[in-house]
1. Tally up the residues in region 1-18 that are touching a His at 6+ places or on another chain (Cβ under 9 Å) and within 16 Å of the ligand (Cβ to nearest atom), please.
2. Could you check region 231-241 and list, in sequence order, the residues that are under 24 Å from Gln28 (Cβ atoms) and surrounded by fewer than 21 Cβ atoms within 10 Å (Cβ to Cβ)?
3. Could you tell me how many of the residues in region 40-51 are away from the ligand (no atom under 16 Å from the Cβ) and in a loop (DSSP other than H, G, I, E, B)?
4. Criterion first (of a type in the set (Val, Ile, Thr) and part of a helix (DSSP H, G or I)) does Thr137 satisfy it?
5. Looking only at region 26-39, which residues are in a helix (DSSP H, G or I) and either within 13 Å of the ligand (Cβ to nearest atom) or open to solvent by 20 Å² or more (accessible area, probe 1.4 Å) (or both)?
6. How do the pairs read when you match residues in region 109-123 that are within 12 Å of Leu76 (Cβ to Cβ) with residues anywhere that are open to solvent by less than 10 Å² (accessible area, probe 1.4 Å) and within 9 Å of the ligand (Cβ to nearest atom), using Cβ under 8 Å and keeping only pairs 6 or more apart or on different chains?
7. Assuming Arg189 fulfils every condition listed in (1) without any contact (Cβ under 8 Å) to a residue 40 or more places away in the chain; (2) out of contact with any strand residue (DSSP E or B) (no Cβ under 8 Å at 6 or more places or on another chain); (3) basic (Lys, Arg) apart from one, which condition is it?
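The values are calculated or read from the model by the stated rules, or taken from the named source; none is laboratory data. Keep in mind the model is a prediction, meaning the values are calculated, not measured. Note that we place each Cβ from the backbone using ideal geometry, even for glycine, and neighbour counts take in every protein chain shown. Calculation scope for accessible area: heavy atoms of the full protein, side chains included, ligands and nucleic acids excluded. Shrake-Rupley method; radii C 1.70, N 1.55, O 1.52, S 1.80 Å.
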Amino acid sequence: MMQSAIAIAAHPDDIEFYMAGTMLLLKQVGWETHYLNVASGNCGSVQWDAARTRHVRRREARCSARMLGAHWHRPLCDDLEVMYEIRLLRRLAGVIRAVKPTIVLTHSPQDYMEDHMNTCRLAVTAAFARGMPNFQTIPARRAIENPVTVYHAMPHGLCDGLRVRIIPEIFINTTPVHETKRDALACHRSQKEWLDVSQGLDSYLKAMDGMSLTLGKMSRRFRHAEGWRRHSPLGFCAPQADPLREALANGYKRNRKYTSWRRVQIV
Ligand SMILES: [Zn+2]
């Protein structure tokens, strides 16, 4: 059976900023990929009302998912309404059981805003609950047994909400797919135009370039990179599981400066 990966982010354009390069590479080696923004992006405009913004941003996200070759999933709620609550959790767990992913890509547990952090918590628990028959999903779906490895993207600005630097455990070389990643980000034209006016031409695309060049520099090997940290394997997968390493061997580098789960001694 074809292996699948799902990217679960908060807003339309977050996947393109932090995760899309890795998704494109997985797609190239034959994986099925899925694209889900939990929130609709309805607050991402100062000129249009919520309904119009929601509509425009859905169209942009679908354009981007198509460019990434990923299956698009509809958002589950509106901006700033991403709460760690049971109904959202049941719906997201329903998606996980349908997709049966080997890999879940999601936000960093520490990030600059609550929608990102709550999306991360929802994604982690939805993946955790995949095999629990007594946990009911919406719609009702049977529990699945697949192991799943959860990878956290880098937070925006590579810092947590208290300005502390976060370093990645893993670098993925996104240089070969950077142009496509950029094109996918450019699908979010409403955001680009808004920021062009407030922050200068193409600032939106340049911000993404800057982040991936910085991570590339940190890797000391790649020009453009995305950074990832693995979630604890407990309840998810085998202790050493690292399906990104298996899938993307040549474009994968472990960060020696990262103190991983396996290096911590419990006394
Ligand atoms: Zn966001």
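1. Of region 1-18, the ones touching a His at 6+ places or on another chain (Cβ under 9 Å) are 4-14, 16-18.
Those left that are additionally within 16 Å of the ligand (Cβ to nearest atom): 7-14, 16-18.
Qualifying residue count, region 1-18: 11.
2. Initial filter on region 231-241 (under 24 Å from Gln28 (Cβ atoms)): 237, 241.
Passing the criteria: only Ala241.
3. Step one: filter region 40-51 for residues away from the ligand (no atom under 16 Å from the Cβ), giving 46-51.
Okay, now just the ones that are also in a loop (DSSP other than H, G, I, E, B), so 46-49.
Result for region 40-51: 4.
4. Working: of a type in the set (Val, Ile, Thr): yes; part of a helix (DSSP H, G or I): no.
Spelling it out, it is not the case that Thr137 is of a type in the set (Val, Ile, Thr) and part of a helix (DSSP H, G or I).
5. Lys27, Gln28
6. Going by the 8 Å Cβ cut-off, the qualifying pairs are Asp115/Ala10; Asp115/Ala39; Asn118/Ala10; Thr119/Ala9; Thr119/Ala10; Thr119/Ala39; Thr119/His107; Ala123/His107.
7. For Arg189, the exception is condition (1).
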